[in-house]
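Down below is the structure, laid out as structure tokens.
The values are calculated or read from the model by the stated rules, or taken from the named source; none is laboratory data. Everything numeric here is computed off the predicted structure, so don't read it as measured data. Quick reminder, even Gly has a Cβ in these numbers, built from the backbone with ideal geometry, and neighbours come from all protein chains shown. Ligands, DNA and RNA are stripped out before the accessible areas are found, and what is left, the full protein with its side chains, is counted by its heavy atoms. Shrake-Rupley method; radii C 1.70, N 1.55, O 1.52, S 1.80 Å.
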Amino acid sequence: MRTLFVPLAVLALAVPPAFSQQIPQAAGPSSSLSAPARTLEPEGPLTLRAAVALALQANPGLSAARHEQAAADGAVVQAGAWPNPTLDTQLEDLRRNNRTTTLQLSQPLELGGKRAARVTAAERARDQAASALSARRAELRAAAVTAFFDVLTAQERLRLAQDSVGLAQIATRAAANRVAAGKVSPLEETKARVAEAGIRVELLQAEGTLRASRQLLAALWGNPAPRFTQVDGAVDQLPTQAAAPEVARRLPDAPVLRQARLEVERRRALSDLEQAKRIPDVTVSLGVKRVPASEGEGGEAVSSSRRNQVVVGLSVPLPIFDTNRGNIAEALSREDKARDELAAAELQLGADVAQASERLRSARATAETLQRDALPGAETAYRAATKGFELGKFSFLEALDAQRTLFQVRNQYLVALAEAHRAAGELDRLLGTGGDDIASNATPNVTPNAR
């Protein structure tokens with residue numbers, strides 16, 4: 001029987017190494033792509049740079065995007081694999097003297113550029129995964145910056161609420177002293193205590209807002225219980241407004257447009273693949289057939305020995321009933337759909353960028369106006385009303401009205417600052433930002449000062 005397998009051994013050695021492929025090792029628990037464990041930030045103050053670094057290092061969504069990119073790399077490797085050969089064996093007539101044994105090795109050959117089209121489609125999918133990872137990174141960076149300034153603003157609101165409680169207590173004591181001196185009606189003291197109770201409610205709300213903001217920031221790196229005590233930054237530092245030419249320059253490279261363009265290319269590659277499938281593949285075969293001597297040439301049975309015969313075959317499917325016409329029509333329609341979605345994404349992105357730019361411009365103008373005009377006047381009016389109330393020149397209602405006006409202007413200023421940072425974060429998310437941009441714009445480690 002050894003002579004039967006010698007030709008097949010030679011054939012197996014002749015198979016080109018291109019038919020073999022290296023199987024990438026799956027990412028296990030010890031892989032660098034494994035899901036990150038819960039990250040605990042260090043206790044104490046937290047800077048913007050540290051918050052962004054923690055989010056980029058340990059965010060579960062970003063880790064999932066990295067796994068998707070690794071999966072796309074594996075798909076490219078698989079798309080370039082050659083079809084496996086087939087080893088067939090066949091026995092004719094189970095009687096020993098009349099038995100015919102055929103051993104055959106068959107290799108499918110892809111024609112029409114199917115393999116190249118398949119690899120191209122997989123590469124476009126890999127590019128999409130890389131683009132999605134970059135977009136997710138930019139989105140996470142913008143979310144971290146926005147959440148950081150939300151915490152910073154909430155800290156300032158809490159400080160203002162605490163100052164408000166202190167001022168309300170001073171006003172209550174002053175009203176009580178004037179009532180005890182018989183200068184005003186006890187109704188004035190009652191009004192002061194009601195106003196103080198309302199401000200204490202605002203303090204409780206500010207504390208709740210700060211806790212929620214801290215939890216949202218820490219959740220970006222998977223920590224449900226924040227360890228940092230506060231964030232350090234300049235609360236009144238307004239984000240810069242990018243010039244219109246700069247926005248127009250960055251617009252074509254926006255993540256959503258890159259993703260849409262890659263989808264068009266991937267759909268085009270899939271259309272080419274379906275077009276290539278119209279050409280049938282062939283299968284070539286080479287084998288050995290061992291037959292009894294009685295079935296040899298001339299039909300002579302001179303002995304009971306058996307003989308080996310080489311078997312060569314070619315198999316070609318006939319594309320009569322299935323010409324892949326439906327799949328081609330589907331692929332072309334989806335390619336047209338991807339082009340339409342690209343056009344729609346361009347329009348939507350332009351509208352979203354214009355809206356975010358206008359929000360940023362309006363918030364900056366509001367904050368600058370309040371800082372320049374409203375806040376100094378409100379502070380001056382409040383100090384004069386408080387001093388006049390203590391000296392008996394103003395009524396409590398006048399002092400209370402000046403106090404409410406000051407706190408309202410301060411709150412409007414903080415709202416405008418928070419809106420400006422949210423709009424800037426939205427612009428960064430839409431246009432995409434690099435790590436160096438955030439690092440260079442990171443605020444210094446200074447405790448926010450009240451205005």
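Here's a check for you: in segment 369-414, which residue that is in contact with a Ser or Thr (Cβ under 8 Å, 6 or more places away or on another chain) and at pLDDT 85 or above is most open to solvent (accessible area, probe 1.4 Å)?
My answer is Q412.
Selection of segment 38-88 for residues being closer than 21 Å to L133 by Cβ and touching a Ser or Thr at 6+ places or on another chain (Cβ under 8 Å) yields L54, Q57, A58.
The single condition among (1) open to solvent by 60 Å² or more (accessible area, probe 1.4 Å); (2) part of a helix (DSSP H, G or I) that N97 does not satisfy is (2).
Close contacts from segment 271-283, counting a first residue that is touching a residue at least 60 places away in the same chain (Cβ under 8 Å) and a second that is of a type in the set (S, T, Y), with Cβ to Cβ under 7 Å and a gap of 6+ residues or different chains, come to R278/T323; V282/S315; T283/S106; T283/S315.
Any residue at all in segment 157-164 that's farther than 22 Å from L46 by Cβ and open to solvent by less than 60 Å² (accessible area, probe 1.4 Å)?
Yes, segment 157-164 contains a residue that is farther than 22 Å from L46 by Cβ and open to solvent by less than 60 Å² (accessible area, probe 1.4 Å).
Condition check ((1) of a type outside the set (A, V, I, L, M); (2) in a helix (DSSP H, G or I)) across all residues:
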site: L105; (1), (2): no, no
site: R115; (1), (2): yes, yes
site: R118; (1), (2): yes, yes
site: A121; (1), (2): no, yes
site: D127; (1), (2): yes, yes
site: L133; (1), (2): no, yes
site: A138; (1), (2): no, yes
site: A142; (1), (2): no, yes
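Inside segment 70-99, can you point out the residues that are in contact with a Leu (Cβ under 7 Å, 6 or more places away or on another chain) and not basic (K, R)? Selection gives A70, P85, L87, T89.
Scanning segment 41-72 for residues that are loosely packed, with under 14 Cβ neighbours inside 10 Å and among the charged types (D, E, K, R) yields a single hit, E43.
Look at segment 203-216: where a residue is farther than 13 Å from A147 by Cβ and a partner is of a type in the set (V, I, T) and assigned to a helix (DSSP H, G or I), sitting 6+ places away or on another chain with Cβ atoms under 8 Å, you get L203/V165.
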